[in-house]
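Here's the structure, in structure tokens; my notes come after.
Laboratory data are not the source of any read-out in this text; all were calculated from the coordinates shown. If you're wondering where the values come from, they're calculated on a predicted model, not measured in any experiment. Quick reminder, even Gly has a Cβ in these numbers, built from the backbone with ideal geometry, and neighbours come from all protein chains shown.
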Amino acid sequence: MPSRSIVERLAAGDILVMDGGTGSELQKRGVDVYKGATVERRPMGPEEYGTTTGHGVWSATANLEAPDVVRQIHEDYLRAGADIIISNNFYTCRAMLQMIGEEDRWEEYARRAAELALQARDSVNPEAYVAGGFAPPFSSYSGDLKQEFEDMARLLAECGVDFLLPEYLGGNTVCESPIADCVTAVEVCAATGLPVFLGVCCVTDKGTMYFGESFRELADALAGCDLAGILLMCSYPNEISACLPELRKAYSGPIGAYGHIGYDDNPKFGSSPDEPYFSINTGEYTPERYAEIASDWKKMGAQIIGGCCATAPEHIAALPAAVGR
Ligand SMILES: [Zn+2]
């Protein structure tokens, strides 16, 4: 367990490196991350973006089926220099596990994910932080989002994560509106007493949130919340670069970013069982290039910098030197 809280370190001006993609790394290491995906639900165009369940329960099942691989990925990121790892809880909620008929076992999946991250941390770098990171169910979900968040936040807090990271929010409407869903998530997480960071996804190269809301609107809505920081995530580096200055102007707390780098819809998805929903194509984003961009993010005020989908331990290894940690 770290000797200083993350809030204290950020207040002191520290720069912290976060891990990279977990689901994409599991996929690369041969773990099936698509249980529950259906061809019929494949997104046909941008208008359906955010409503698909084409990726199934994503990497949730790996926590029980390939725990050693999950732990190994966490360890690889820590050895690469990550100060923060995110538990593999992205879709371990009841609502998503329902897609494979495993909703009654959600606590088992979720608890195992937290344990694997904590074990990796304790064995490689006890001063690193474990973020309990989880996403909302996909947009078609009609159940009680607040309850899903409450249950997950409580369980992760019980497991001993260092802070909570409700993520993949702001780019979709699960219940009320993208911003209202962010507020709900932050409030519910803050009730555990742990620091809460919000991960806002799908930001745009116009400097706005996915549906055009400004970061000022987001910051105003979150003004009454007990929030430790806002991170932009799961967006392309150029989109994050367009938005970080806007976020900086609108919000005075700690900010950060973890971008994705080429995780594309696979046009052959569903044509055979071996064709996954996403294909990894990192293109121009070599570890060196990603690190250069990360150093720009630091200049824009980012204090937490990592990677999302398709970033790998090599990308994270290039960050500490680039961001002067
Ligand atoms: Zn991502």
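Here the gap between D226 and N281, fully extended at 0.36 nm per residue and compared with their Cα-Cα distance, gives a gain of 16.0 nm.
In terms of packing, defined here as the mean over residues of other Cβ atoms within 10 angstrom, the peptides 303-311, 218-226, 317-325 line up highest first as 303-311, 317-325, 218-226. Placing unit charges on the Cβ atoms only, positive for Lys and Arg and negative for Asp and Glu, gives the chain a dipole magnitude near 580 debye about its Cα centre. Among all the lysines, which ones have a C-alpha under 24 Å from K249's C-alpha, if same-chain residues fewer than 8 places away are not counted? Hits, sequence-local ones excluded: K206, K298, K299. The label-point distance for K249 and R105, in a model that sets each label 7 Å from Cα toward Cβ, rounds to 5.0 nm.
Have a look at the DSSP beta bridges in the chain and tell me what percent are antiparallel, nearest 5. Could the numbers behind the result be given before it?
Numbers: 3 of 29 bridges.
Here the share of antiparallel DSSP bridges comes out near 10 percent.
Residue by residue, the stretch 59-74 carries 3J(HN,Hα) couplings of 8, 4, 5, 4, 4, 9, 8, 9, x, 5, 5, 4, 5, 4, 5, 4 Hz when phi is fed to the Karplus relation 6.51 cos²θ - 1.76 cosθ + 1.60 (θ = phi - 60°); x denotes Gly or Pro. Between the amide H of L232 and those of V200, G256, A257, Y258, distances stay under 5 Å, these residues lying 5 or more places away or on another chain, with hydrogens modeled in the peptide plane. Multiplying the residue separation of D144 and R325 by 0.36 nm and subtracting their alpha-carbon distance yields 61.1 nm. Here the simple spin-label model places points 7 Å from the Cα toward Cβ, and for Q72 and D205 these points are separated by 3.7 nm.
Helical runs assigned H by DSSP (4 residues or longer) give the chain a calculated mean residue ellipticity at 222 nm of -11000 deg cm²/dmol, each run adding -39500 (n - 2.57) before division by the residue total. Most fluctuating residue of Q72, Q147, Q119 in a GNM of the chain with Cα springs under 10 Å: which is it? In this elastic network of the chain, the residue with the biggest mean-square fluctuation among Q72, Q147, Q119 is Q147.
If packing is taken as the mean number of other Cβ atoms within 10 Å per residue, what is the order of 112-118, 240-246, highest first? Please report the intermediate quantities before stating the final value.
Values: 112-118: 24.6, 240-246: 21.4.
Result, highest mean Cβ count within 10 Å first: 112-118, 240-246.
Tally Lys/Arg at +1 and Asp/Glu at -1 over every other residue whose Cβ is under 14 Å from the Cβ of D68; what's the total? With Lys, Arg at +1 and Asp, Glu at -1, the net is -2.
Between S177 and L64, the distance separating the two model label sites (each 7 Å from Cα on the Cα→Cβ line) works out to 3.9 nm. Largest GNM mean-square fluctuation among V174, V124, V200, using the chain with Cα springs under 10 Å: V124.
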